[in-house]
Each structure stands twice: as structure tokens, then as C-alpha cells.
Amino acid sequence: MAVPSPGPEQRPEVPDALVAELARWRREVCGSCGAKAMFYCPFCCTPLGVPDGVTVPRARLPFARCDIIFDDAPKKATSIHAKVLAPEQVRLIDLFTTEANTNRTLSRPGGGTATKADFEDSRGVPSNAVIREIPEYDPHITLVLFPDDSSATFEEVATEPDFGSPDRLTLVVIDSPWKRAQVLRKHPRLAKLRSIRLGHPPPSRFWRYHSEGTGCVSTVEALAALAKEVLPRTGGAAEGSVGRPSVPAKSAWDASCKPRWAEEPLGFVLCSGWDW
């Protein structure tokens, strides 16, 4: 079944098996915030309507943490996918939703006030905290995934003598419309940080049309592509990776991305070191 293209190019066909898998998923009401959605809650960043026999993948990124500067509609933004699949490593800096909608604030389970113990991971880093301001970053261990004129590829940066291991890095990703992203990149707390770009940008499979030309991909596509470039530096899969997702999970998440992702599954994209 061909997926209609919103732009000048035709999207890849979606395999019939994935269309059938898609039919197994159901829209459900999120028990935490009350939003009704399919596949995941875009506010609480948790899976919804998972069919029997399907295990949602848990990805391990080859960085210490990924901070996403978020300023877009949650239901349209792909960075939410990364938070669903790698919740312990992905942190959302929410510049879009407001405190007035306490039950629709990104990554706040239950819409209540989380305690320190509720949202800290093993390193004491808040993973489910509602963060409204761009934090201060250490420029020595922080990179911004952003293709500006001064950016270098990860391969170029990694060959520098004082670079160290990728698993100590914080990766900052901006998820917003492109013009807004250019403004956010100049924020005083981001301007001093170094930019990196993809060495080999993949063709985009995302459904939202843009006029920026080839080589532009969605946020989660960019994150997945960078992870694929970084993984050889970490010896394959990132250390401490959660076990490989089940094949039913791959099929279900592949189908869940239709028509946004066509053939490329979320779980496979973020866990790109795995050989299916």
C-alpha cells in the first residue's frame, strides 16, 4: 500500500504485514493525564494500547544523556518518541506547554508534583522533572546536534585528542520549527556550546513537509542517525544496553510509525546497533 507523499517525492510503500499489525493497536485513555491517544501519550511519554504479546523496546543511547529543547506541538513532535523509548536518558526541556495545564505538561506522570526521588535516575539527574528553562551546560562535555556553519561531524570531533568517550557526553537536540530552532540555538546558554552535524544524513521518512531541501530530517531521525555514527566508537551497542526488543515489538512499532515513518521502526531506529 503506497503512502501518499505530502511533498514532491513519493514515500516508500508500507508492507501489508505492518498494516495488519497496526490494526492490533487501540486508542486508549491515558491513566495519568486523561488524554486519548494511540501508541503513546504525547504528554506523559508512555506507551498506550500495547497489544498482548508485544514488548515496547527500551533503547540505550550511546551518550550519558540527551536533553531535548522542546518548543513544538507534542502530538506532532518526534522527540516524544525518543522519550518513550529511552526515558532514563532523554530529558525534555519544555518551552511549549504551560503550568496552567497541569495534566497536559510534558513528562509529568499523573499531572502531580513529582518528588526528587520520583524522577531522579541513578546519577541523580531528573528524568521526569518539568523543566521550563534551558539549563547551564558544561561546554567540555556537551554537544548540540545542529547543522550550522560552524558545525563539525561527530567523526571529526571524536578524533580530537581531548575528546574522550562518547558515553560521558550530554547531547542537546532542539525540537521546534526550523526558524524557531535557529533562534533557540543563539540562546545564551546554548551559544557557547559546540555544534555537530550528521556525517551521512539519511533520506527523511517523516510526514511533515518542509522546503529546506534534501538532507533535512526529523528530530528523532537525526538522533537515530547520530547514534548510528557514534556506535562504532562504543564497540557496537552502547554499554549497559537493555536487552534487544522482541520481534513483535519491532513489527508493532514499525507499524505505529505509518504513515510518518513508512518502513523504518522507532525501536530499530534508536537501537540501530542491533542486527535484526
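No lab work stands behind these numbers, since they all come straight from the coordinates. Note that the structure is predicted; figures quoted are calculated from it, not measured. Note that each Cβ is placed from the backbone with ideal geometry, even for glycine, and that neighbours are counted across all protein chains shown.
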Counting Lys and Arg as +1 and Asp and Glu as -1 over every other residue whose Cβ sits under 11 Å from the Cβ of Thr142, the net charge comes to +2
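Could you compute the net charge surrounding Leu48? Neighbours are other residues with a C-beta less than 12 Å from the C-beta of Leu48; K and R count +1, D and E count -1. Don't skip to the end; give the middle numbers.
Working: positive: Arg26, Arg27, Lys36; negative: Glu28.
Taking every Cβ under 12 Å from that of Leu48, the sum is +2.
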So who's got an amide H within less than 5 Å of the one on Cys45, skipping anything under 5 residues away but keeping other chains? H placed 1.01 Å off N, in plane. Ser107
